[in-house]
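I have placed the structure first, in the form of structure tokens, so that the comments after it can refer back to it.
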Amino acid sequence: MTDAAYQKCINPSCGEEFDCGQSLFKCPKCGELLDVRYNWDKIEVPNKLSEFAKRWANRGNALDFSGVWRFRELLDFCEDKYKVTIGEGQTILQQNDAIAGYVDMNAGHLYLQYEGLNPSGSFKDNGMAAAFSHAKLVGATASACASTGNTSASVALYAHHCNLKCTVFIGSGRIAFGKLSQGIDYGAQTIQVQGDFDDCMRQVQDVCTKLGLYLLNSLNPFRLEGQKTIMYRIIEALGWDVPDWIIVPGGNLGNSSAFGKAFAELKQLGLIERIPRMAIINATGADTLTELVNNRKLIWNNGNVNQAIIDNFYADLTARHFSPHTCASAIEISRPVNLKKCLRAIDICNGVVRAVTDEEICDAKAVIGRFGLGCEPASAATIAGLKHLVAEGIVQKDQKVACVLTGHPLKDPNLTINYHKDKKGKFSNPPIEAPNDLDEIIKLIK
Ligand SMILES: *Cc1c(COP(=O)(O)O)cnc(C)c1O
Ligand SMILES: [Zn+2]
């Protein structure tokens, strides 16, 4: 623990503070989310972001190699001896003109931040590097999470790397095969609850409290500290310049919350001059944020969020026995735990929220596969959402836009095969059957 960091309740009428030596995950006084906060005057933060580039020369040092820890002054909550890394954050920002064309933007302006290159194949590893460091700081011996898939894969990988026991809770039948296979292979005890992700999320919180397990869902504020670095790396890849827009899929809303916090801090520190706008994209079958923000006008309001709007909507979901449904399983969530922090991020980044259909997601995914580095369905919601925003004139064709591609294409091979076989989608590329005959085969080659 460093004396530069502490935890603070985000509820302005509570505002309780706790040191970083505790693992709490919710304010014990009022039940709200906690933030990690810093006494910046006690930290030697470089006075220019480009100073971080010096670490590139030092890549034999695991902490300098890590795409999370090379920015360590910006998440300075623990001493180096606790820091965990398995080489996360070696990601690519790819400029892509073919996909710019698909969303009707001008060439040279669209960038894809490909987080599929992380050790477990999704952006979650950025958060786990930070959260498992905190777990070591507090002396945890066993970890747990609820997961739509990628969290369990990432937790299982980091847990065995740090010698922590690991239990993951997944909903019945909804998890993509690539992700399930990882968790099992990495040695997690996997408990399949008869219910959806939101049910698992409720259960895991009670299990963690009762058994003293260390919780790794994005309720954990230390995870979000690690995820801030995705924004630092986008800025880094743009020559230490900020884009005009960040586009991110919205599930439990940890990423969007972390990104907003990252920009607010960089601005406060004088390390950036302006804050980019952010668009958060839901799937229409799991569009709680879109409904609450766009239709029910829920806002951050300096932390005084109108809880009645949320409670009424959730009561309505319960009354309808609503369970979210989308092919983008990573964002199939109807009670996002970071909702309030996300509202704050929307406030910080002058954000917008949109929902896109599964068909739009699948087409966008195929386009990203064909012309980009590929991604899993939830990640493709960004491009589908951007297409809407350009058509609406909210994103200008010549603005600089960075979409966060959150997960690797091999996470969900079933969806990819289903899309391509039998020419089901606009961009289907089905395999062609051929007789075992040279002339016939040659006739088929185009
Ligand atoms: C977890 C996940 C998301 C959702 O991110 P949140 O931070 O929960 O909003 C989106 N895409 C992928 C691939 C994920 O694994
Ligand atoms: Zn509180």
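The values are calculated or read from the model by the stated rules, or taken from the named source; none is laboratory data. The shown structure was predicted, so the numbers you read here are calculated from the model rather than taken from an experiment. Reconstructed Cβ throughout: ideal geometry from the backbone, glycine too, with neighbour counts over all protein chains shown. Side chains are part of the model used for accessible areas, which takes the heavy atoms of the whole protein and leaves out ligands, DNA and RNA. Shrake-Rupley method; radii C 1.70, N 1.55, O 1.52, S 1.80 Å.
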Query raised in the report: So how much slack lies between ILE309 and GLU359, counting 0.36 nm per residue of separation and subtracting their Cα-Cα distance, in nm?
Result: 15.0 nm
Query - Estimated FRET transfer efficiency when R0 is 51 angstrom, pair ASN295-ILE441 (beta carbons, to 0.05) - result: 0.40
Report task. Could you pull out which residues in the range 393-412 have an amide N less than 18 Å from a spot 7 Å beyond the Cα of GLN192, following the Cα-Cβ vector? Result -> 412
Query raised in the report: Which ³J(HN,Hα) values, rounded to whole Hz and listed in residue order, are derived for the range 60-74 from phi using the Karplus coefficients 6.51, -1.76 and 1.60 in 6.51 cos²θ - 1.76 cosθ + 1.60 with θ = phi - 60°, glycine and proline given as x?
Result: x, 7, 4, 6, 6, 5, 4, x, 8, 7, 6, 9, 4, 5, 8
Query - Simple label model, 7 Å out from Cα along Cβ direction - SER172 to GLU79, nm - result: 4.9
Query raised in the report: If you take the beta carbon distance between TRP240 and LYS8 as r and set R0 to 35 Å, what does 1/(1 + (r/R0)^6) give as a FRET efficiency, to the nearest 0.05?
Result: 0.75
**Report entry** Highest-MSF residue in the chain out of ALA355, ALA308, ALA328 [GNM, Cα springs under 10 Å]
**Finding:** ALA308
Query raised in the report: Relative to the longest principal axis of the chain, what angle (0 to 90°, nearest 10) does the C-alpha long axis of helix 307-319 take?
Result: 50
Query raised in the report: Of the accessible area of the range 136-278, with the probe set at 1.4 angstrom, what percent is carbon plus sulfur?
Result: 47
Requested in this report: Please report Rg over Rh for the range 89-242, where both radii come from the alpha carbon positions and Rh follows the Kirkwood definition.
Outcome: 1.05
Report task. Give me the distance between the Cα centres of the range 81-119 and the range 130-175, rounded to whole Å. Result -> 25
Requested in this report: Select from TYR186, VAL45, GLN205 the residue farthest towards the positive end of the dipole of the chain; place +1 on Cβ of Lys and Arg, -1 on Cβ of Asp and Glu, and compute about the Cα centre.
Outcome: VAL45
**Report entry** Given LYS48/LYS165; LYS54/LYS411; LYS8/LYS81, the pairs whose alpha carbons are separated by over 32 Å
**Finding:** LYS48/LYS165; LYS54/LYS411
Report summary line: Mean accessible area per residue over the chain (1.4 angstrom probe, all protein chains present, square angstrom) is 40
Requested in this report: Evaluate the distance, in nm, between pseudo-label points positioned 7 Å from the Cα of ASP398 and of HIS325 along their respective Cα→Cβ axes.
Outcome: 4.5
Query raised in the report: Pulled fully out, how much extra length does the chain show between GLU16 and ASN414, if you take 0.36 nm times their separation in residues and subtract their Cα-Cα distance?
Result: 138.6 nm
Query raised in the report: Protein chains only, probe 1.4 Å: how do ILE86, ILE92, ILE281 rank by accessible area, largest first?
Result: ILE92, ILE86, ILE281
Report summary line: Checked the range 1-110 with the C-alpha gyration tensor, a ≥ b ≥ c its square-rooted eigenvalues, rounded below a/c of 1.5, otherwise prolate if a/b is larger than b/c and oblate if not; verdict oblate
Query raised in the report: Rounded to the nearest 0.05, what FRET efficiency do ALA434 and ASP206 have when you use their Cβ-Cβ distance and R0 = 51 Å?
Result: 0.35
Report summary line: Everything considered on the Cα gyration tensor (a ≥ b ≥ c; rounded for a/c under 1.5, else prolate if a/b is larger than b/c, else oblate), the chain must be described as rounded
Report summary line: So the angle from the long Cα axis of helix 377-391 to the longest Cα principal axis of the chain, reported in degrees to the nearest 10, equals 80
Report summary line: Distance in Å, no decimals, from the C-alpha centre of the range 383-414 to the one of the range 11-43 is 34
